[in-house]
Structure formats: structure tokens, C-alpha cells
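Novice: First the structure, then my questions, so here it is.
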Amino acid sequence: MEQQIQKKRIFSGIQPTGNLTLGNYIGALRNFNLLQDEYDCLYSIVDMHAMTVRQNPAELRKACLRTMSIFLASGLDPQKNIIYFQSQVPQHAELAWILNCFTYMGELQRMTQFKDKAAKHADNINAGLFTYPVLMAADILLYQTDLVPIGEDQRQHLELCRDVGQRFNAVYGDVFTIPEGYFPKVGARVMSLQEPTRKMSKSDPEDTYIAILDKPEIIRKKLRRAVTDCENRVVYDPEKQPGVANLMSILSALSGMSMDAITAEYDGKGYGIFKDAVADAVIAALEPIQKRYDEISADKAYLQEVLQSGAERASNIAHRTMLKVRKKIGYAPFKL
Ligand code: ATP
Ligand code: LTN
């Protein structure tokens, strides 16, 4: 009899805030697509994480559906992957509370994303922003995840997740699988077009990022205006030429060209021609997604179906983990 080999499990999440960017695409979404055949994958639209910043309810609802439509338009197959809204599986919050009690204040104080976001939202430094990485750890551990595809900015959070999982396991036995990160080889940190020493971020001003849904003329315009330097060299040197290095990384990630090949092709031709080549590669990658997006986002019944099935399938797995956790920590058993 043919033996069914258990596929390894993948979990990743994207916040439904603002417009998904080229950074989200290269750092995360594109890898989700590459992994879907080989792994058992869950991709969550993490609306609970989005609550750390004030949200307009109607806007949040729309942003969740928009993000979901982009997931599907990028090629994710809802049969093969579990695609769902985090808030529709309440076990995320239940496990996050328990893990809060296994996380030290000092660990959370070291998180660079907390420091950045606290500086950005100085008028709303809430406890959720502080314990955000614990909710992320719960997301991952809830599904006994083996691998987490993320951009470089999430490495520190993943390390914390591993530490907390191991700490819990050390007390209660092997309850959680301890996950590994999966980072893109190029493009793990796509930088802002206007300040190339900072990460491209969807909550920054429009001209600093390329949105996955930006039309070709806008993409070309934003790239033409991207900050470079006066060196007039297309050579990969992130220290001296961060703007050019960022554009080279984008081109390399999307075309597969090595940095040397890019230098051989574009050095000495002027930044205008180089920037147009980057724009061509970005447009070629995003245009098919945009076409499918228009069809998918119009089909509300289909989106509802995918959501419903995603939440049910995710809940089944989450429920199994929580039964184990509840028993191990000593909560009294009960039947719903
Ligand atoms: P925000 O700026 O609103 O905090 P974000 O753009 O960082 O959001 P998230 O939803 O927090 O987006 O991230 C989703 C995924 O995209 C994560 O895996 C993250 O590592 C990845 N990612 C985000 N920005 C970049 C970037 N500039 N380069 C590479 N990967 C990125
Ligand atoms: N914290 C991540 C989003 C996120 C996530 C996750 C990523 C929430 N839960 C679980 C991977 C796995 C961010 O801010 N980019």
C-alpha cells in the first residue's frame, strides 16, 4: 500500500493594513506561491494584529477582503492552502494569553518593531503593540508549524516564538513544534524608494513604496523618482549606494539575474535606462496579478466560500492543539 507522507507545515501572516507592497510580494507572497505544492500551508490575514493601530471598522473589513483577493490573485490555490482571517479562529487569542505568561517583559522590550512602531504612534503605545510578538508566536505554534516564510524584519519575532515555544515545552513536554524561518535569498528586505536605508513599508507615504495594485504608469513614475546618488555606477554596494543596491535587489529578485550580470548589462548606461529596466521587471511581475485581482475581488460569493472553508479547516487544527495545551497546563476539561 502506498504510504501517505505527512507534508511539513507552513504558516505565515500578513496584516490587512494599507496597500500590500512590492516588499510584501518579494519578501512573503511570492514565496507562499513557491511553497504551496510541497507543503501543507496556512496563510492568515492577521486582522487581530491590525488592531494594535486604530482602524476604521468599515475600512478594516474592506482591507481584509482586498488582502485576501491579492493572495488569490497572486496564484495561491484555496484548495491546496488554508487561507483565512485570524479573527475567525478565536484560539489565536486563547493561546496568546497563555504564552503571555511565558514571555518576559525584557524580551518584548528588545523588539525593534515595537520600538519603531512606538516612535511612529507615540500617541497610542498600547499594551497590544507591546505583546504583538506573543500573538504572532501563538499564530505559529497553534498549527504545529515547521517553516515560516517571512521577510528579514520578522526574524527577531520568529526567534522569540522559538524561545517561548521551547520554554513551554521544557515545562510540559513536547507540546509545540519549534519552527524555522524561511527567508528569500534576494529581496528579504526591500527598501523605501525615498529613504533606501529604511524598509519599504505599507504604512509609509505613497511615494516610498510600490503597491502590488499600482498601475504600470505609476510604477514607472515612482521608480524614475526613486532616490539614487551622483556616483552614476550600477554596482552592488549597499553601504555607499543604498538606493542603487535596492533597485538591483528588486531586479535580481524578479528577473533571476545576478548582481554581476546586472552590472555588466547596465553600468555606464545612466540611471534612466537602469530604472526603466527595473520598472519593466516590476510591471511584468505585477500586471498578471492585477488582472486576476479585478475578477476575483468582484466575486463576493466566491470570496465568502473561500473564507468560510478556510476558517473551518484552520479551526480544526487549532482545536486539536488547544485540547493538548489545556490538558497539559491543568485547565479543567469540559464539553462545548
Ligand atoms: P506595516 O508597514 O504596516 O507594518 P508591513 O509592510 O511590514 O506592514 P506586514 O503585513 O507586517 O507588512 O508583513 C507581511 C510580510 O511581508 C512579512 O513576512 C514581512 O516580513 C514581509 N515584508 C514586509 N515588508 C517587507 C520588505 N520591505 N521587504 C521584504 N519583506 C517585507
Ligand atoms: N508580525 C508580522 C505578521 C504576522 C506573521 C504571523 C508573520 C503575524 N503573525 C505569523 C508570520 C507568521 C508582521 O508584522 N509582518
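No lab work stands behind these numbers, since they all come straight from the coordinates. These numbers were taken from a predicted model, which means no experiment stands behind them. All Cβ positions, even for glycine, are placed from backbone atoms using ideal geometry, and neighbour counts span all protein chains on display.
Novice: Quick check: from the Cα gyration tensor, does segment 73-182 come out rounded (a/c under 1.5), prolate or oblate?
Specialist: Oblate shape, in that a/c is at least 1.5 and b/c is the bigger or equal ratio.
Novice: Can you tell me the 0 to 90 degree angle between the C-alpha axis of helix 91-100 and the longest principal axis of the chain, rounded to 10?
Specialist: The helix 91-100 is inclined about 90 degrees to the chain.
Novice: Still on this structure, please answer the following. How far apart, in nm, are the 7 Å Cα→Cβ label points at Gln55 and Asn232?
Specialist: 5.0 nm
Novice: Could I have the simple spin-label model distance between Ala170 and Asp37, label points 7 Å from Cα toward Cβ, reported in nm to one decimal?
Specialist: 4.2 nm
Novice: Could I ask something else about it? For Lys185 paired with Lys7, estimate the spin-label separation in nm (one decimal), with each label point 7 Å from Cα along the Cα-to-Cβ line.
Specialist: The modelled label-to-label distance comes out at 2.3 nm.
Novice: Would you pull out the residues with amide H under 5 Å of Met191's amide H, same chain only if 5 or more places away, H placed 1.01 Å from N?
Specialist: Met200
Novice: Taking amide H positions as placed 1.01 Å from N in the peptide plane, with prolines and chain starts having none, which residues 5 or more places from Leu42, or on another chain, fall under 5 Å of its amide H?
Specialist: Those qualifying (amide H under 5 Å, at least 5 residues apart or on another chain) are Ile10, Phe11, Ser12, Ile82.
Novice: Taking the number of other C-beta atoms within 10 Å as the exposure measure, put Ile70, Ile10, Ile219 in order starting with the fewest.
Specialist: Numbers: Ile70 27, Ile10 24, Ile219 20.
Ordered by Cβ neighbours within 10 Å, fewest first: Ile219, Ile10, Ile70.
Novice: Exceeding 32 Å between C-alpha atoms, which entries from my cross-link table qualify? They are Lys8/Lys115; Lys221/Lys291; Lys62/Lys199; Lys8/Lys240. Can you show the working numbers first?
Specialist: Details: Lys8/Lys115 34 Å; Lys221/Lys291 20 Å; Lys62/Lys199 25 Å; Lys8/Lys240 41 Å.
Pairs exceeding the cut-off: Lys8/Lys115; Lys8/Lys240.
Novice: A follow-up question, please. Can you work out the PRE-style zone for Arg225? Point 7 Å along Cα to Cβ, and I want the residues of segment 176-193 with backbone N under 19 Å.
Specialist: Zone members listed by number: 191-193.
Novice: Students often forget the sequence filter, so: which aspartates and glutamates lie under 14 Å Cα-Cα from Lys80 once same-chain residues fewer than 8 apart are removed?
Specialist: Correct list for Lys80: Asp37, Glu38, Asp40.
Novice: On to the next question. Considering only DSSP states other than H, G, I, E and B, which trypsin sites (Lys or Arg not before Pro) in segment 118-188 qualify as loop sites with at most 12 other Cβ atoms within 10 Å?
Specialist: Numbers: sites: Lys120, Arg155, Arg162, Arg167, Lys185; in loops: Lys185.
When the trypsin sites (Lys or Arg not before Pro) of segment 118-188 are filtered for loop state and at most 12 Cβ neighbours within 10 Å, Lys185 remain.
Novice: Answer with one residue from Leu223, Tyr293, Gln113: the one whose Cα lies farthest towards the positive end of the charge dipole of the chain, charges on Cβ with Lys, Arg +1 and Asp, Glu -1.
Specialist: Result: Gln113.
Novice: Just to confirm my numbers, what's the Cα centroid distance between segment 76-99 and segment 145-166 in Å?
Specialist: 16 Å
Novice: Over segment 62-148, what is the relative contact order in whole percent, taking alpha-carbon pairs under 8 Å and six or more residues apart? Don't skip to the answer; put the middle values down first.
Specialist: Working: 37 pairs, mean separation 28.3, N = 87.
Normalised by residue count, the contact order of segment 62-148 is 33 percent.
Novice: Can you work out ³J(HN,Hα) from phi for every residue in segment 106-114, in order, using Karplus 6.51 cos²θ - 1.76 cosθ + 1.60 and θ = phi - 60°, giving whole Hz and x for Gly and Pro?
Specialist: With coefficients 6.51, -1.76 and 1.60, one gets x, 5, 5, 5, 7, 5, 5, 5, 4 Hz.
Novice: How big is the dipole moment of the chain about its Cα centre under a simple scheme where the beta carbon of each Lys and Arg is +1, that of each Asp and Glu is -1, and everything else is neutral? Debye, nearest 20, please. Kindly include the intermediate steps, with their values, before the conclusion.
Specialist: Details: 41 positive and 40 negative charges, 171 e Å.
In total the dipole reaches around 820 debye.
Novice: Let me ask you something else. Which ³J(HN,Hα) values, rounded to whole Hz and listed in residue order, are derived for segment 311-316 from phi using the Karplus coefficients 6.51, -1.76 and 1.60 in 6.51 cos²θ - 1.76 cosθ + 1.60 with θ = phi - 60°, glycine and proline given as x?
Specialist: Residue by residue, segment 311-316 yields 5, 5, 5, 5, 4, 4 Hz.
Novice: A further question follows. Shape call for segment 241-287 from the C-alpha gyration tensor, a ≥ b ≥ c root eigenvalues: rounded (a/c under 1.5), prolate (a/b greater than b/c) or oblate? Kindly include the intermediate steps, with their values, before the conclusion.
Specialist: Numbers: a/c = 1.59, a/b = 1.37, b/c = 1.16.
Cα axes put segment 241-287 in the prolate bin.
Novice: Another question, if that's okay. With r as the distance between the Cβ atoms of Asp153 and Lys80 and R0 = 25 Å, compute the FRET efficiency 1/(1 + (r/R0)^6) and round to 0.05. Walk me through the numbers before you get to the answer.
Specialist: Details: r = 27 Å, r/R0 = 1.08.
According to the calculation, E is roughly 0.40.
Novice: Find the Cα radius of gyration of segment 174-280, compare it with 2.2 N^0.38 Å by division, and give the number to two decimals. Please list the in-between numbers first.
Specialist: Values: Rg = 15.4 Å, N = 107, 2.2 N^0.38 = 13.0 Å.
My calculation over the Cα atoms of segment 174-280 gives 1.18.
Novice: Got a sec to turn the phi values of segment 22-33 into Karplus ³J(HN,Hα) couplings, 6.51 cos²θ - 1.76 cosθ + 1.60 with θ = phi - 60°, whole Hz, x for Gly and Pro?
Specialist: 4, x, 4, 5, 6, x, 10, 4, 5, 5, 3, 5
Novice: Got a sec? How would Cys101, Cys161 order by Cβ neighbour count within 10 Å, fewest to most? Intermediate results must be reported in sequence, preceding the final value.
Specialist: Values: Cys101 9, Cys161 27.
The most exposed by this proxy come first: Cys101, Cys161.
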